[in-house]
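Student: I have a structure here, written as structure tokens, and I will follow up with some questions on it.
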Amino acid sequence: MTSLGVNVADEAWDMVGSTRSKFAELVKRSEGFRVESLGKAALLVALEDEATSLAMALEGGMSRGDAEDMINVGSCSTWTLGRLDSIAEEARAIFIAGMAQNGEKKPPQASDFPLAALEAINEVLFKRHGYKRPDRHHNGDPQNSLLPRVLEEGRGSPVLLGVLYMEIARRIGLEVEGSPLSEGPNNDYFILWPRRKLGPGGDNNIEMVVDAYEEGFLFKHDEILEMFDLKELQGASGLEILGSMLASLQDAHWAKAIECRPEPAYLKRISLEAAVDGQRGVLPEDARLDAALLAYHNGDLDTAWIELGALEECLKDALMKGKLNLLMGRIRFLLDQETWTDDANVQ
């Protein structure tokens, strides 16, 4: 790499460090991290992601121009909170115009008419700007978990579309709560709802829940409880929502890096026990599977094959056994490819 390339990489790493410092300062404020800071935190996450990608590409020997073209440098850094303000102004204008048509003479407050406010937000986000879920599972592309990319491309993960919705709602005066939900271990879904019950003046007892991932579809409160087997909805803290946002981004990068299917069921966490314990023969089933996956993702196919073969003999769950056999088939294919390559080189 040229000295210029090294300098550019150093500049990118400096940006990573600076962004991380700002993110840490935001999260560790003495008054606590608030939901109102989610938009700023999401932008910092995206900026760090972009700077890290640039630095690593440059250190890998790529030219600056090629690296910037590959990761579309500048896209994340060009978006500011002002973009969210602009979208919110559109929603506010639609809300006020709609209330005027309904005979409201004094300036309406979104908190007094939450249903009308939600309809205005839905009009702007999903009809005017076309935001919606990706064509394939959102974990298949990290871009779906970066707020500036979501604003540009119009596709986002459940939590990012939820955070976008919350940011717009807050800006027009509608207080909402949100919560990551999941049918599995990864908190891979997100819903939100007004803090005040829907209806003019807040006197209506019907409580509705917004699904931003389905273009603002409104569910009844009881429908969500039944769908996710919950007793009650509990609004998540700012840190909890931020954690869900970061987990979604991490899963997306993980799926892309190892070329596994992006669905949550395939994103197996690897335990520390499996990573450090050399006594594979005494590992419990879960840790043995972790050890096999760790070997597989590190390219140690022989060890992965041995571990999975030993695990297969003691597995009783038919579904898990089927998935294990699929993975073993892939490993067998990769091992055969290595053999064919070695034979060709010998010849």
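The values are calculated or read from the model by the stated rules, or taken from the named source; none is laboratory data. All of these numbers come straight from a predicted model, not from anything done at the bench. Using ideal geometry, Cβ is built from the backbone for each residue, glycine included, and neighbour counts are taken over all protein chains shown.
Student: Is there a residue being at pLDDT below 85, in the same structural domain as residue 144 (by TED's automatic domain parsing) and either assigned to a helix (DSSP H, G or I) or surrounded by 13 or more Cβ atoms within 10 Å (Cβ to Cβ) (or both) anywhere in region 92-114?
Tutor: Initial filter on region 92-114 (at pLDDT below 85): 102-107.
The next check asks that each one be in the same structural domain as residue 144 (by TED's automatic domain parsing); those that pass are 102-107.
Filter again for either assigned to a helix (DSSP H, G or I) or surrounded by 13 or more Cβ atoms within 10 Å (Cβ to Cβ) (or both), leaving 104.
Among the residues of region 92-114, at least one is at pLDDT below 85, in the same structural domain as residue 144 (by TED's automatic domain parsing) and either assigned to a helix (DSSP H, G or I) or surrounded by 13 or more Cβ atoms within 10 Å (Cβ to Cβ) (or both), which makes the answer yes.
Student: Looking at region 79-91, which of its residues are among the hydroxyl-bearing types (Ser, Thr, Tyr) and assigned to a loop (DSSP other than H, G, I, E, B)?
Tutor: 80
Student: Please count how many residues of region 290-307 are in a helix (DSSP H, G or I) and within 22 Å of residue 255 (Cβ to Cβ).
Tutor: 11
Student: Could you please give the count of residues in region 115-142 that are in a loop (DSSP other than H, G, I, E, B) and under 21 Å from residue 170 (Cα atoms)?
Tutor: 3
Student: A follow-up question, please. Identify the residue in region 308-343 that is charged (D, E, K, R) and at pLDDT 80 or above and, among all such residues, is farthest from residue 255 (Cα to Cα).
Tutor: In this case the residue turns out to be 336.
Student: Filter the helices (runs of 4 or more DSSP H) completely within region 154-263 down to those with at least 3 residues that are more than 30 Å from residue 330 (Cβ to Cβ), at pLDDT 90 or above and not assigned by TED's automatic domain parsing to the domain that holds residue 296.
Tutor: Here the list reads 158-171, 238-258.
Student: Kindly evaluate residue 51 against the criterion of being assigned by TED's automatic domain parsing to the domain that holds residue 150 and either crowded, with 21+ Cβ neighbours inside 10 Å or modelled with pLDDT of 90 or more (or both).
Tutor: Against the criterion (assigned by TED's automatic domain parsing to the domain that holds residue 150 and either crowded, with 21+ Cβ neighbours inside 10 Å or modelled with pLDDT of 90 or more (or both)), residue 51 does not qualify.
Student: Report whether or not residue 83 is modelled with pLDDT under 85, within 25 Å of the chain's Cα centre (by Cα) and among the charged types (D, E, K, R).
Tutor: In short, no.
Student: Now, a different point. Go through region 25-46 and give me each residue that's farther than 23 Å from residue 161 by Cα and either within 19 Å of the chain's Cα centre (by Cα) or assigned to a helix (DSSP H, G or I) (or both).
Tutor: 25
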